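Asker: There's a structure below that I have some questions on.
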Amino acid sequence: MTPDHAAPSAPHSAAAAAAAAAAAAGRGAHAPTADLPTAGDSVAERDADARALASTVRVRILRICLDEPRTNKEIAQLLGKNPATTLHHVRTLVARGFLTAQPARTGARGAREVPYLATGRSWTTDLGPGGHQVLLDAFLEELSAADPARVDMGRLGLRLDAEGRDELSRRLNEVLEDFRQREPVADGEPWSVFVAIHHDTSRDPRPSA
């Protein structure tokens, strides 16, 4: 799973034993149901995609623009940043096909404004080294803005063999993919989901004396 979908592809390949689901302002547990644009084929293209997503700000922009087109001004306001700063990130995401410009509209003061919508392409993009930290940082920023009374979170420790670990990852992926493909409810509320499975080094066997 990647940025503009409950955030990073399959629980993004690093998976192993804790899961958290949380509500955060920004994205519903939905991504476009049409055929998703594919990630770049060449090594250079994949590297360029990974660099474009190696930013907490850009990951959050994708979430903000997931199911409602947003102008750069709106994005900047939601992130509490200068529009000039967010415009740089928006242009990077557009250049790599993660955002697409929608028909221009007239703003409140008559100015021409261009809204942007996430394409869903990040769902199939490999984030590369450091990608998990970017997703985690984006999640924590979104979570900090959520009402604690509307956050559902869990933590679980398991001891699994390789087969059990693969089954856990596969079944989590199946649930995420099921919800991703559903059409958004018109009057539904936006929710976000973050899932992580990791090797728990704190419970590794003690070294022999």
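Asker: Would you please report the Å³ per residue occupied by the convex hull of the alpha carbon atoms in the range 97-209?
Answerer: Details: hull volume 23.1 nm³, N = 113.
Once divided by residue count, the hull of the range 97-209 is 204 Å³.
Asker: Let me ask something else. Determine the shape class of the range 49-112: with a ≥ b ≥ c the square roots of the Cα gyration tensor eigenvalues, call it rounded for a/c under 1.5, and otherwise prolate if a/b is greater than b/c, oblate otherwise.
Answerer: prolate
Asker: For the range 60-207, which whole percent of the accessible surface, found with a 1.4 angstrom probe, sits on carbon and sulfur atoms?
Answerer: 52
Asker: Return one whole number: the accessible area per residue of the range 69-209 in Å², for a 1.4 Å probe.
Answerer: Counting only protein heavy atoms, the per-residue value for the range 69-209 is 68 Å².
The values are calculated or read from the model by the stated rules, or taken from the named source; none is laboratory data. Source: prediction; values computed, not measured. These area figures cover heavy atoms from the full protein model, side chains too; ligands, DNA and RNA do not enter into them. Shrake-Rupley method; radii C 1.70, N 1.55, O 1.52, S 1.80 Å.
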